[in-house]
Amino acid sequence: VTPKILHCDFEKSISNASIKIFHNITIKYCVWHYKRSLEVQKNKLCYNEVENNHKIYLLYKAITNFPFINPEYIFDIYNHIIKIICQIYNYFNFLNFLEYFNKTYLYKYDIQYWNYYNDINHITNNASESFNNYLKKLFYKKPSLYELIYHLKREESLSYNNYKRKIEGVW
């Protein structure tokens, strides 16, 4: 089995390992984790500026929606925000937030991994998070690798049987 797409949190080690093993895999990072990370940094670096200034709030919201913007325009929009708006109005705390965004999302992570422009099928990894929670409930303690494989095979078998029944009209 060769996966085509891997949805994950912003975990570089997972995505790098997946690319090494599955050379043609497409990595897609979760938009919820993207927005959550930005919210945490906003609260840490520039909460008052964003909450008390409508212009800055709109700029912050624009950045949180970058996953849905044509990636060709992201650097231009970012540069417009940082050069014209923030430097003119001297929003120093928001500039710290923009510096975090720049280092993290424009350079540390490949934009194609977190951008969903023209590909809005699955923008979160909720399905895998849900399955992970389900697996946690199966084990009262962390299983060995062999126990995990056994249970995953069992789950796969149950899912396949359930799928076949539904296709045959047996619910």
(request) Check Tyr60 against each of (1) at pLDDT 90 or above; (2) touching a helix residue (DSSP H, G or I) at 6+ places or on another chain (Cβ under 8 Å); (3) farther than 18 Å from Lys103 by Cα and name the one condition it does not meet. (result) (3)
(request) State which residue pairs qualify: first residue charged (D, E, K, R) and inside the stretch 10-30, second residue modelled with pLDDT of 90 or more and part of a helix (DSSP H, G or I) in any location, beta carbons under 7 Å apart, and separation of 6 or more residues or different chains. (result) Lys28/Tyr113
(request) Looking for whichever is within 30 Å of Asn65 (Cβ to Cβ), modelled with pLDDT of 85 or more, open to solvent by 100 Å² or more (accessible area, probe 1.4 Å) and out of contact with any Lys or Arg (no Cβ under 8 Å at 6 or more places or on another chain) here; the options are Tyr100, Tyr107. Which one fits? (result) Tyr107
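If a residue counts only when it is touching a Ser or Thr at 6+ places or on another chain (Cβ under 6 Å), which helices (runs of 4 or more DSSP H) contained entirely in the stretch 1-118 have at least 1 such residues?
Of the helices (runs of 4 or more DSSP H) lying wholly inside the stretch 1-118, those with at least 1 residues that are touching a Ser or Thr at 6+ places or on another chain (Cβ under 6 Å) span 31-45.
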(message) I'd like the full set of residues that are loosely packed, with under 15 Cβ neighbours inside 10 Å and of a type in the set (Ser, Thr, Tyr), limited to the stretch 1-52.
(response) Thr2, Ser13, Tyr47
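The values are calculated or read from the model by the stated rules, or taken from the named source; none is laboratory data. Here the structure is a predicted model, which means the values were calculated and not measured. Cβ: placed from backbone, ideal geometry, glycine included. Neighbour counts: every protein chain shown. Calculation scope for accessible area: heavy atoms of the full protein, side chains included, ligands and nucleic acids excluded. Shrake-Rupley method; radii C 1.70, N 1.55, O 1.52, S 1.80 Å.
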